[in-house]
Amino acid sequence: MARTPPDFSFETAAHARALAPVAGVDEVGRGPLAGPVTAAAVILDPARIPQGLGDSKALSATKRERLYAEIMGSAQVSVAHATVEEIDALNILRASHLAMERAVAGLGTPPAHVLVDGNLIPAGLKGRAEAIVKGDAKSLSIAAASIIAKVTRDRIMVDLAQQHPGYGWEINAGYPTKQHLEALLNLGVTPWHRRSFRPVHNILYQDVSVSD
């Protein structure tokens with residue numbers, strides 16, 4: 001069964017209520033064991049919407065890179081992060097929401113309405129946002145934000161992989177693949193690992209137990 005591509009209907013409905021501009025916001029990086037969580041907020045120009053926008057996870061790396069360049073050249077874009085330290089201190093959900101709030105706040109034009117991917121609205125966006133489950137597959141603005149966030153974070157993890165070789169971050173983006181888990185055991189925990197995540201916590205705890 002063919003997927004229905006995202007469209008501009010959520011944005012058009014907001015415009016009809018005199019809510020403009022409309023921003024889409026999405027994050028990437030909740031599941032990895034390492035690296036920041038990255039969010040992007042995008043205000044599309046209705047007259048210059050890139051062709052082929054879709055859920056970043058369903059696009060090839062080549063298509064994501066092409067669309068990244070087109071979005072950056074035609075839309076208002078803001079990218080923000082929550083650090084590993086913030087993830088460990090707050091929990092991953094709150095840190096993801098913090099990154100989203102920062103991305104929206106960084107837009108040059110404050111949006112009148114925000115379309116948020118997921119089923120929860122970040123506390124800092126309440127009153128002017130709506131949550132859309134699987135929004136990156138339904139809203140063009142959220143799809144654009146998902147592409148910007150993923151390409152940006154993937155590039156960060158490639159850079160970090162050069163500083164910390166062996167974990168495969170240039171391929172797995174910090175997710176708990178077999179290679180990454182084996183490297184954690186063999187090479188240990190880096191400053192970029194999330195200590196509140198169970199596989200990392202367990203290794204640190206084992207190290208403490210052995211040394212006690």
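The values are calculated or read from the model by the stated rules, or taken from the named source; none is laboratory data. What you see is a predicted model, and the numbers here were worked out from it, not measured in a lab. We place every Cβ from the backbone using ideal geometry, glycine too, and count neighbours over all the protein chains shown. Please note that ligands, DNA and RNA were not included when accessible areas were found on the heavy atoms of the full protein model with its side chains. Shrake-Rupley method; radii C 1.70, N 1.55, O 1.52, S 1.80 Å.
Some notes on this structure:
- Residue within the stretch 44-64 that is touching a Pro at 6+ places or on another chain (Cβ under 8 Å) and either open to solvent by 50 Å² or more (accessible area, probe 1.4 Å) or of a type in the set (Val, Ile, Thr) (or both) present: no
- Selection status of residue 150, touching a strand residue (DSSP E or B) at 6+ places or on another chain (Cβ under 6 Å) and open to solvent by 10 Å² or more (accessible area, probe 1.4 Å): yes
- Some residue of the stretch 171-183 being of a type in the set (A, V, I, L, M, F, W, C) and under 16 Å from the mean Cα position of the chain (by Cα): yes
- Evaluation of residue 133 against (1) of a type in the set (A, V, I, L, M); (2) under 27 Å from residue 5 (Cα atoms); (3) surrounded by 14 or more Cβ atoms within 10 Å (Cβ to Cβ) (one fails), failing number: (3)
- Any chance residue 174 is surrounded by 17 or more Cβ atoms within 10 Å (Cβ to Cβ) and closer than 15 Å to residue 92 by Cβ: yes
- Search result, residues across the stretch 102-127 that are free of Cβ contacts under 8 Å to residues at least 60 places away in the same chain and open to solvent by 10 Å² or more (accessible area, probe 1.4 Å): 105, 108, 110, 118, 119, 120, 121, 123, 124, 126, 127
- Exactly one residue out of 88, 26 is surrounded by 20 or more Cβ atoms within 10 Å (Cβ to Cβ) and either of a type in the set (D, E, K, R) or more than 30 Å from residue 198 (Cα to Cα) (or both), and it is 26.
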